[in-house]
Amino acid sequence: MTSPETAVNGPVTFSTDVERIDRDRVHRWLSEEAYWAQGRTRAHQDAAIDASRNYGVYDDATGTQLAYARVVTDGVGFAWLCDVFVDPSARGRGIGKTLLAGVLAELDALGLKRMLLATADAQELYRQFGFTELSGPTVWMARSAPA
């Protein structure tokens, strides 16, 4: 595992320290601005944070959290990268790339066989980090919660 805090990309810090996560900010981002999590309750978000690996990128000058990602994993064979979000005011500065580079450095050290994610609009970003469309999508299945 990487150290909890690693200075990267000049004036920002990537961190694996769950205590640094600004839970209010992350909940607002996801429940109000993220198409995949709109309406998510704070209790649901807190439970997700508590049951996952969490990552953030922070402004060194102010300490403000600029980005967040969460990973659900068994730590051995599989990981699901989810809830990746960069504050709109920080977009275009490489913050998303800093976040993904840090997350993947930690996960690559685990030797995971497979990592998945879903995105409706950031395929080009993820391709830069080696993600591709599923080669055998018909072998994968999903079950959604009952209505």
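If you go through the stretch 98-119 one residue at a time, how many are charged (D, E, K, R), surrounded by fewer than 16 Cβ atoms within 10 Å (Cβ to Cβ) and touching a Phe, Trp or Tyr at 6+ places or on another chain (Cβ under 9 Å)? Matching residues across the stretch 98-119 total 2. Taking first residues from the stretch 26-48 that are assigned to a loop (DSSP other than H, G, I, E, B) and partners that are among the polar types (S, T, N, Q) and surrounded by 18 or more Cβ atoms within 10 Å (Cβ to Cβ), the Cβ contacts under 9 Å between residues at least 6 apart in sequence or on separate chains come to ALA37/GLN45. Only one of the numbered conditions (1) open to solvent by 30 Å² or more (accessible area, probe 1.4 Å); (2) part of a helix (DSSP H, G or I); (3) in contact (Cβ under 8 Å) with a residue 40 or more places away in the chain is violated by ALA61, and that is (2).
Kindly indicate whether TYR126 is of a type in the set (Phe, Trp, Tyr) and in a strand (DSSP E or B). For TYR126, the condition - of a type in the set (Phe, Trp, Tyr) and in a strand (DSSP E or B) - is not met.
Quick grid of which residues meet (1) at pLDDT 95 or above; (2) touching a strand residue (DSSP E or B) at 6+ places or on another chain (Cβ under 8 Å):
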{"position": "MET1", "(1), (2)": "no, no"}
{"position": "THR13", "(1), (2)": "yes, yes"}
{"position": "ASP17", "(1), (2)": "yes, yes"}
{"position": "ALA37", "(1), (2)": "yes, yes"}
{"position": "ARG42", "(1), (2)": "yes, no"}
{"position": "GLN45", "(1), (2)": "yes, no"}
{"position": "ALA51", "(1), (2)": "yes, yes"}
{"position": "TYR55", "(1), (2)": "yes, yes"}
{"position": "ASP59", "(1), (2)": "yes, yes"}
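The values are calculated or read from the model by the stated rules, or taken from the named source; none is laboratory data. Since the structure is predicted, the reported quantities are computational estimates derived from the model, not experimental observations. Note that each Cβ is placed from the backbone with ideal geometry, even for glycine, and that neighbours are counted across all protein chains shown. Quick note on the areas: whole protein, heavy atoms, side chains included, nothing else; ligands and nucleic acids left out. Shrake-Rupley method; radii C 1.70, N 1.55, O 1.52, S 1.80 Å.
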